[in-house]
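What follows is a set of notes on a single structure, which appears directly below.
The values are calculated or read from the model by the stated rules, or taken from the named source; none is laboratory data. The structure presented is a predicted model; accordingly, all values stated were derived computationally and were not measured. We place every Cβ from the backbone using ideal geometry, glycine too, and count neighbours over all the protein chains shown. Note: accessible area is taken over every heavy atom of the protein model, side chains too, but ligands, DNA and RNA are not part of it. Shrake-Rupley method; radii C 1.70, N 1.55, O 1.52, S 1.80 Å.
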Amino acid sequence: MNTREKIFRAIVQQPGLTTREIMAIAQLSRTNTREHLQKLESLSLIYSQLDENNPSKHRYYPVGK
């Protein structure tokens with residue numbers, strides 16, 4: 001499984017993960033993590049929302065869930 005698939009599967013299994021949580025799961029830098037997240041969003045596989053309790057955080061969800 002490649003890194004992007006690993007990130008996507010983590011989001012499907014645990015909707016609402018933050019960038020920091022995804023970084024830890026994928027063991028990537030913030031820059032690399034964001035690149036993968038942006039690609040997944042451009043493919044309409046995931047979407048992000050601002051965290052209600054902390055507007056500086058985004059949470060990621062699979063599309064259609």
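Couple of notes before you dig in:
- Computed from the C-alpha gyration tensor, the three semi-axes of the ellipsoid equivalent to the chain are 16, 14, 11 Å, from longest to shortest.
- Accessible area of the chain belonging to carbon and sulfur atoms, whole % at 1.4 Å probe: 45
- Taken per residue, the accessible surface of region 1-55 reaches 68 Å², heavy atoms only and a 1.4 Å probe.
- Rounded to the nearest 0.05, the FRET efficiency derived from the C-beta distance between D51 and T3 at R0 = 25 Å is 0.55.
- Each stretch of four or more DSSP H residues adds -39500 (n - 2.57); spread over every residue of the chain, this sum gives -15000 deg cm²/dmol at 222 nm.
- Working from Cα pairs under 8 Å separated by at least six residues, relative contact order for the chain is 37 percent.
- If only the Cβ of Lys and Arg carry +1 and only the Cβ of Asp and Glu carry -1, the dipole of the chain around its Cα centre is close to 120 debye.
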